[in-house]
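Remarks on the structure that follows.
Nothing in this text is a laboratory measurement; each read-out follows from the coordinates by a stated rule. On a predicted model such as this, the values are computed, not experimentally measured, just so you know. Every residue, glycine among them, receives a Cβ derived from its backbone with ideal geometry; neighbour counts consider all protein chains shown.
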Amino acid sequence: MAWLVSERSVEGRVLVIDDEEQIRKVVGTVLRKGGFDVVEAEDGAKAIELLNSGDNPMMIDVIICDIRMPHINGTEAIKYFRAQYPSVPIIVLTAYPDFQLATSMLKEGVTDYLVKPVDREKMLMAVKNAMEKRSLFAT
Amino acid sequence: MDKESDQPLKIIILGAGKGGTALIDLLARERDCVEVVGVADTNPRAPGLCLARKLNIPTASSAAELIGKNGADLIVDVTGDATIAAQIAEGKSPETETMSGTTARLLWMLVREEQELRAQLTQADKLATLGTFAAQIAHDLKNPLYCIREFAQFIEEEHDSDRIKEYSQEILKADQYLTSIVDGLTAYTRSTCSEPESIRLPELLDQAVKMSRFATTSNAVEVVCDYQPVPPIRADASEMLQIFVNIITNAVQAMNGQGRLMLGVKVEEEKVVISIRDTGPGISAALLPKIFTPFFTTKERGVGTGLGLSIVQTLVKKYGGEIEVESEEGKGAAFTIRFPLPG
């Protein structure tokens, strides 16, 4: 069954952080269909907890992060990830087409800034590009 | 009518149709300088009589019952009934002045004009507030739209009937969410000319919180509710919503989208008491007396019209209520609204 094949972790593992369950489900499904393994967190605090929970953080290849979230919002969480896990590329996925925010996020070291609704191919391409950058860093 | 003392002018209104109602509505907001001491109409269902009862103003079923009332400074006759003028002339106390016929009509025209302008201003403020919400509304609409589009695509690609059902349910969920946003916006922007209805304050406060979420890109406001049992009050839901949306939006903006919003309703000393408190930077003692003044704003250009709290005060007074604010710099702000307990 195509579904089972695509659910296998063949391309890498992506951490999806969004407070909306439906968005996590959509993004997760798109990524799984694209061949990625997916881990989900509902906000920045949960994501940080997850990354520090004993699992090897290097298991996460790419982080996709929303901006507007309760507890620890996206911008704060991204700063933390950049400081703690500088080799893990981060993609912002937000519904704000905000040029200033995009610029400041890219300055923070974010790899890509995607605005919802985002085409499936564009999202998969952004994750693959991020993954390649990660391999370049690693080598 | 010239009074030496600071006592409010005591006015009797004869006729509680459209003109009388508009006059009661206007004068009730000026309670510091005017007191309506009686309203009469032969029609027991006249709208002005209903409004007068709500504002605890004595009512009568005939003009004669009020005309001889002692201590009235002015009788305003908006009945349009020529025989009333003769009754007034015969029965009124010598010190009571009268306004009837053409002068009363002129007054009615001016009151109607003021009423229309006020309604326009109230609506304009609502739309201006909505304008500042636009980016956030677009954000909140985009998420479910994105989900609908993607889940529809998943269905197209899927053969497993269980998964197809699961995705269809997700689409329905997103649709419900979109509908709730649109319903909230419709309730808020509705013109305020509807009939008073029975309002449950906790529900309306929750609705106002949902609207005020649009005022910030942050999602980190903790809302703490202490809703004690209170009887429903009769009011225009749209006007009540505007009161709460204005105050809560100010609180959320003052806190820059991060902090605690505390909402409470209770009955205290024969009043329905609504409290809205925040943990924002507070209001300085110098600014505090100005906050209900029209066009006073501390917000950046384009963010506030400066009309919000002035309209809030007007609407609260319209329902016979009072509003007060307590604040200290660095210690948040607390608004308290008291409405008469519905009889």
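How large is log10 I(q)/I(0) at q = 0.12 Å⁻¹ when the Debye formula is applied to the Cα atoms of the protein assembly as shown, each weighted equally and without solvent? Debye intensities relative to I(0), on a log10 scale: -1.06.
Normalising the average separation of contacting C-alpha pairs (under 8 angstrom, six or more residues apart) by the number of residues puts the relative contact order of the range B:56-183 at 17 percent. Would you look at the GNM of chain A, springs on alpha carbons closer than 10 Å, and say which of A:ALA41, A:ALA95, A:ALA77 moves the most? With Cα springs under 10 Å in chain A, the top fluctuation among A:ALA41, A:ALA95, A:ALA77 is at A:ALA95. Between the listed residues B:CYS225, B:LEU141, B:MET109, the Cα displaced farthest toward the positive end of the dipole of chain B, a dipole computed from Cβ unit charges relative to the Cα centre, is found at B:MET109. Here each label is just a point 7 Å from Cα along the line to Cβ, and for A:PHE99 and B:ALA86 those points are 7.8 nm apart.
Mean sequence separation of contacting Cα pairs (under 8 Å, at least six apart), scaled by the length of chain B, corresponds to a relative contact order of 13 percent.
When the charge dipole of the range A:11-138 is built from unit charges on Cβ atoms (+1 for Lys and Arg, -1 for Asp and Glu) and taken about the Cα centre, the candidate among A:VAL38, A:LEU124, A:LEU50 whose Cα reaches farthest toward its positive end is A:LEU124. Computed extension length for B:SER61-B:ILE155: 27.0 nm, one decimal, from 0.36 nm per residue of separation with the Cα-Cα distance subtracted.
Sorted on the mean count of surrounding Cβ atoms within 10 Å across their residues, most packed first, peptides A:18-26, B:168-176, A:62-70 read A:62-70, A:18-26, B:168-176.
So for B:THR336, B:THR83, fewest C-beta neighbours within 10 Å to most, what's the order? So the ranking, lowest neighbour count to highest, is B:THR83, B:THR336.
Relative contact order for the range A:11-138: 23 percent, from Cα pairs under 8 Å spaced at least 6 residues apart, divided by residue count. In the range A:11-138, Rg over Rh equals 0.91, where Rg is the alpha-carbon radius of gyration and Rh the Kirkwood radius from pairwise Cα distances.
Note on B:VAL267 and B:LYS173: the model spin-label points, each 7 Å out from Cα along the C-beta direction, lie 4.1 nm apart.
Peptide A:19-29 is shielded by partner chain Cβ atoms: per residue, an average of 5 of them sit within 10 Å of its Cβ.
Of all aspartates and glutamates in the structure, the ones whose alpha carbon falls short of 15 Å from that of B:LYS18, not counting any fewer than 8 places away in one chain, are B:ASP41, B:ASP77, B:ASP81, B:GLU113, B:GLU114, B:GLU116, B:GLU195.
For chain B, the Cβ-based charge dipole about the Cα centre amounts to some 240 debye (Lys, Arg positive; Asp, Glu negative; other atoms uncharged).
Averaged across the residues of B:142-153, what count of C-beta atoms belonging to other chains lies within 10 Å of each residue's C-beta?
The shielding value for this peptide is 6.
Over all Cα atoms in chain B, the spread is summed up by Rg and Dmax: 24.7, 92 Å.
Cross-link check: pairs B:LYS210/B:LYS317; A:LYS79/B:LYS331; A:LYS25/B:LYS173; B:LYS271/B:LYS317 evaluated at a Cα-Cα cut-off of 18 Å; pairs beyond the cut-off: B:LYS210/B:LYS317; A:LYS79/B:LYS331.
A simple spin-label model places the labels of B:LEU145 and B:ARG260 3.8 nm from each other, with each point 7 Å out along Cα-to-Cβ.
Computed from point charges on the beta carbon alone (+1 for Lys and Arg, -1 for Asp and Glu), the dipole magnitude for chain A about its Cα centre is near 360 Debye.
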